[in-house]
Protein chains: 4
Amino acid sequence: MGIRGIYRGLISAPYSGAHLNPAVTIALTIAHKFPTGMVSLYLLAQMLGAMLGAFLVWIAYYQHFQATEDKDLKLAVFCTAPNIRSYWLNVATETIATFVLVLAVLYMATPEVGLGSLNALPVALVVLGLGLSLGGPTGYAINPARDLGPRLMHYLLPIPQKRNSDWSYSWVPIIGPLLGGCLAALLYICLS
Amino acid sequence: MGIRGIYRGLISAPYSGAHLNPAVTIALTIAHKFPTGMVSLYLLAQMLGAMLGAFLVWIAYYQHFQATEDKDLKLAVFCTAPNIRSYWLNVATETIATFVLVLAVLYMATPEVGLGSLNALPVALVVLGLGLSLGGPTGYAINPARDLGPRLMHYLLPIPQKRNSDWSYSWVPIIGPLLGGCLAALLYICLS
Amino acid sequence: MGIRGIYRGLISAPYSGAHLNPAVTIALTIAHKFPTGMVSLYLLAQMLGAMLGAFLVWIAYYQHFQATEDKDLKLAVFCTAPNIRSYWLNVATETIATFVLVLAVLYMATPEVGLGSLNALPVALVVLGLGLSLGGPTGYAINPARDLGPRLMHYLLPIPQKRNSDWSYSWVPIIGPLLGGCLAALLYICLS
Amino acid sequence: MGIRGIYRGLISAPYSGAHLNPAVTIALTIAHKFPTGMVSLYLLAQMLGAMLGAFLVWIAYYQHFQATEDKDLKLAVFCTAPNIRSYWLNVATETIATFVLVLAVLYMATPEVGLGSLNALPVALVVLGLGLSLGGPTGYAINPARDLGPRLMHYLLPIPQKRNSDWSYSWVPIIGPLLGGCLAALLYICLS
């Protein structure tokens, strides 16, 4: 899923500034780097994009969902789950990882000449690094749309022998990233 | 094979616009980004290039084909095969993956200054990402020439104890990518 | 930890020249590429940054420290340890690896136009390569702050069933990198 | 070893055009892209560089050579060996891989603005791709100095319980790469 994120960053970079993440969009709005009036439109597009991606994955792996017996694994194709369930500590992990991501986005330097799609490479490498270093405990959603959209699709789509969509955890990868993004934006404002 | 694709992209980028894929070439023609008169020449070159690559691999691994007993593995060196055989769902997977690839190529932004061979890096990263995310079910040909050319070489070359070249599947990685490329081009035209 | 280093390089590059490593800062000072008066401030910031990073990791993995029984593994999250303990040969390994790093930093060519955060990519790739080639014997600290800061946090933080912080080895990843950095700077001066 | 090559490419690129490979240097000379009078000096430096690298590895892993029992593994740290020994087919594999490398170097497009050390990235990615695709049969020396220099160091250095330095194979990674480089240069001349 992180890899798909690189893809989305590479092609969306020049059109929307690679806004694929509600936590990033809201943080940029707080930091006065994004117009407030566009936020709701962007959030909607992010949710729809994440759901569409999950839908395409569902078709591509249609037979594999039938052949696979592990119900947790089928859910993990769509959304994140904690290694050790403890809601507030899981929120803390998501908050820290998103804080690090958004701080990077806010302080990332732009090249002197536009590099086209490669402008998205530094953020993509940061996301890759976050997954490798802080991704262990919660699977690093660090993006509310990336978790909620596919979770909704897991709930809606006919998947043979699926488990429940773990709604009791679903608020963690929403609250954590939003909190981390806001904290990073506030720190950025204080330091400016 | 995906890695060889990066190589071919890196060195062909400035000469042909990294046209290594009939599905991409045809999609660009539909989107009025490539002259119709050149298409057949390009398709021919793409097939010959894929066959030459397979020929070089055959020489380099000549002894290994003799030492290896697994006949499916020997075929897999040349062309793709589905994990779970179901022709129309396999076509769907190839269609989706190529749709995503071609849409990326069509919307990929070019840098303000030419970066030489590095211009091919974004598409190469997209192909890498597609392999990791959607490559599971069919081995992601996403390129008719990349599958048909080496499959033909598997059929023609003297490989000790080879199996048949699985011609019953060979149409899937042709139809799927062409369909996906055309759908992406049509979407691009509608949105322009 | 190496991945986190890429992150730090990407976002700090344009502000501080990616000074995250006391061995690099001191070597650049010797090579007259960094003002002497700023060194102590930078060293302090490097130590604090490394400690803060270790603190965030401690929170994110809080439950995992409780669930893990291997005490050496818990220490390895924070700081390096040799595969085969032999202090002076371990110092030699760290000296060589840091010598190679600092020589690369000193001779690294800058692009004709600023590439923003991507300016940090060559050094990041060098660090990645060092880890893969020379990282085996000592875990390649190649940075006194990166080892001492997190080691101090391992000592200070309440981690369930932790071992001692291996202070008897702690001087190796300080002396080795400083020595390697100074040797590289002296070679650079001689060759200039 | 391939990783060390990236390192060497990154820092040597702006000074020598990343000439680390006698096969590349000689091919560029044949293609009139490198002055004949400098060739012998470059070949000497390439051999010395490869030997120095092997020497540093020997120090860094000094204890590991004592702890390791596998004598073939100790030799493999220094130089390449074929998976299936058959001298002329091994030569063919090295010839093909180096042909592909040198053709890439000759046709690689340069960016419109210098990218500093990142200019070496495309060739580094080609070498990485060659290792993954054609590296299996012979360990892809694709560089006479990279194989002969460290092999000589294996012969000269006191390594506990080492095997012979496999001199009977040593000519393969010299003849193959030189042949592949010359063939690529001749093709380049014919097509120019």
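Looking only at region D:133-146, which residues are facing chain B (nearest Cβ under 7 Å) and either surrounded by fewer than 24 Cβ atoms within 10 Å (Cβ to Cβ) or within 15 Å of D:F78 (Cβ to Cβ) (or both)?
D:S133, D:G136, D:P137
Scanning for something over 30 Å from B:Q66 (Cα atoms), under 14 Å from the mean Cα position of the chain (by Cα) and not hydroxyl-bearing (S, T, Y), does region D:117-124 turn up at least one residue?
So the first thing to find is which residues in region D:117-124 are over 30 Å from B:Q66 (Cα atoms), and the list is D:117-124.
Now drop any that are not under 14 Å from the mean Cα position of the chain (by Cα), which leaves D:123-124.
Those left that are additionally not hydroxyl-bearing (S, T, Y): D:123-124.
Scanning region D:117-124 turns up at least one residue that is over 30 Å from B:Q66 (Cα atoms), under 14 Å from the mean Cα position of the chain (by Cα) and not hydroxyl-bearing (S, T, Y).
Just name the residue that is farthest from the chain's Cα centre (by Cα) out of those in region C:36-61 that are within 25 Å of A:S86 (Cα to Cα) and surrounded by fewer than 16 Cβ atoms within 10 Å (Cβ to Cβ).
Taking the candidates together, the pick is C:I59.
Please enumerate the residues belonging to region A:22-37 that are part of a loop (DSSP other than H, G, I, E, B) and more than 19 Å from A:L187 (Cα to Cα). Spell out the reasoning first.
Kept after step one, since they are part of a loop (DSSP other than H, G, I, E, B), are these residues of region A:22-37: A:31-35.
Selection gives A:P35 alone.
I'd like the full set of residues that are buried (at least 23 other Cβ atoms within 10 Å of the Cβ) and touching a Cys at 6+ places or on another chain (Cβ under 9 Å), limited to region B:154-192. Break it down into steps so the answer makes sense when it comes.
We begin by selecting, within region B:154-192, every residue buried (at least 23 other Cβ atoms within 10 Å of the Cβ); these are B:172-173, B:176-177, B:180-181, B:184-185.
Result: B:P173, single match.
Each row is one residue, and each column tells you yes or no for (1) within 16 Å of C:F99 (Cα to Cα); (2) modelled with pLDDT of 95 or more.
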{"residue": "C:G139", "(1), (2)": "yes, no"}
{"residue": "C:I142", "(1), (2)": "yes, no"}
{"residue": "C:M153", "(1), (2)": "no, yes"}
{"residue": "C:L156", "(1), (2)": "no, yes"}
{"residue": "C:Q161", "(1), (2)": "no, no"}
{"residue": "C:S170", "(1), (2)": "no, yes"}
{"residue": "C:I175", "(1), (2)": "yes, yes"}
{"residue": "C:L187", "(1), (2)": "yes, no"}
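Taking A:R151 as meeting all but one of (1) surrounded by 22 or more Cβ atoms within 10 Å (Cβ to Cβ); (2) on the phi > 0 side of the Ramachandran plot, write down the number of the exception.
With respect to (1) surrounded by 22 or more Cβ atoms within 10 Å (Cβ to Cβ); (2) on the phi > 0 side of the Ramachandran plot, A:R151 is out only on (2).
For the condition under 15 Å from the mean Cα position of the chain (by Cα) and touching a residue at least 24 places away in the same chain (Cβ under 8 Å), what is the one hit in B:A92, B:A145?
Values: B:A92 fails: under 15 Å from the mean Cα position of the chain (by Cα).
Exactly one of B:A92, B:A145 is under 15 Å from the mean Cα position of the chain (by Cα) and touching a residue at least 24 places away in the same chain (Cβ under 8 Å), namely B:A145.
Among the residues of region D:66-76, how many are touching a residue at least 24 places away in the same chain (Cβ under 8 Å) and closer than 20 Å to D:R146 by Cβ? Spell out the reasoning first.
From region D:66-76, those touching a residue at least 24 places away in the same chain (Cβ under 8 Å) are D:66, D:69, D:71-72, D:74-76; that's our starting set.
With closer than 20 Å to D:R146 by Cβ added as a condition, the list becomes D:72, D:74-76.
Of the residues in region D:66-76, 4 are touching a residue at least 24 places away in the same chain (Cβ under 8 Å) and closer than 20 Å to D:R146 by Cβ.
Considering only residues that are under 25 Å from B:F34 (Cα atoms), among the small types (G, A, S) and assigned to a loop (DSSP other than H, G, I, E, B), which ones fall in region B:138-192?
Matches in region B:138-192: B:A141, B:S192.
So, in region C:112-132, how many residues would count as being at the interface with another protein chain (Cβ under 7 Å from one of its Cβ atoms) and either in a helix (DSSP H, G or I) or surrounded by fewer than 21 Cβ atoms within 10 Å (Cβ to Cβ) (or both)? Explain how you work it out, then say what you get.
Going through region C:112-132, the residues at the interface with another protein chain (Cβ under 7 Å from one of its Cβ atoms) turn out to be C:112-118, C:121-122, C:125-126, C:129, C:132.
From the residues that got through so far, the ones that are either in a helix (DSSP H, G or I) or surrounded by fewer than 21 Cβ atoms within 10 Å (Cβ to Cβ) (or both) too are C:112-114, C:116-118, C:121-122, C:125-126, C:129, C:132.
So the answer is 12.
The values are calculated or read from the model by the stated rules, or taken from the named source; none is laboratory data. All of these numbers come straight from a predicted model, not from anything done at the bench. In this analysis, Cβ positions are derived from the backbone assuming ideal geometry, glycine residues included, and neighbour counts consider all displayed protein chains.
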